[in-house]
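One structure is given below, encoded as structure tokens.
The values are calculated or read from the model by the stated rules, or taken from the named source; none is laboratory data. The shown structure was predicted, so the numbers you read here are calculated from the model rather than taken from an experiment. Counting neighbours? That spans all protein chains shown, and the Cβs are built from the backbone with ideal geometry, glycine included.
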């Protein structure tokens, strides 16, 4: 049976877009660029891969065996795509988004070395930047799915509000709501760590070292539960 032409084109676009994720191009932009180049014309939206599909293909190209690995191996593959992505404004620094995320992780680890959920948030908070820069939080949460806990998800979702708090641009009522949260000091630490990381400073650990730290904390938590 001959393959469906639309399905064949979809696979070609997915592969080309995955290779195109990088610099200032997220998975969404890379998809449209690949479609225009390969189809040489308009492609119906239903024939295009989703940004999450393209991001997943990019992650598999970096860590081919991660899809069959454990939770932390899959998180590492998702975060690893940030190595191809430039911070905004694009071109302002030679760093990539992975460098910045690892620096955030290092800062948070120095303050909260035993909080696995907060440290996970420090590592994954920017993964959505490789998927859709116009809505990175939502896309990042979708990509991570059940790989993260509800508390880690709250940190990622609330970080933009905490950044506004840290920058003193948040309204009074919103400030009070944030201050009333049980994890207020932790989310504020995450926001402050991001500000310091963007300003430069010492490098964070490697991605492998960060995952090893999380794996050891996960092992300790499992041992305590038994």
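Of the residues screened, residue 22 is one that is under 25 Å from the mean Cα position of the chain (by Cα) and under 22 Å from residue 99 (Cα atoms).
In the range 8-27, the condition of being under 23 Å from residue 121 (Cα atoms) and in a helix (DSSP H, G or I) is met by at least one residue. Being buried (at least 17 other Cβ atoms within 10 Å of the Cβ) and without any contact (Cβ under 8 Å) to a residue 60 or more places away in the chain narrows it down to one residue among 18, 27, 76, 58; which is it? One residue alone meets the criteria, 18. Taking the conditions exactly as written (in contact with a helix residue (DSSP H, G or I) (Cβ under 6 Å, 6 or more places away or on another chain) and at pLDDT below 90), does residue 66 satisfy them or not? In short, yes. Looking across the range 110-134, the residues that are modelled with pLDDT under 95 and surrounded by fewer than 20 Cβ atoms within 10 Å (Cβ to Cβ) come down to 133, 134.
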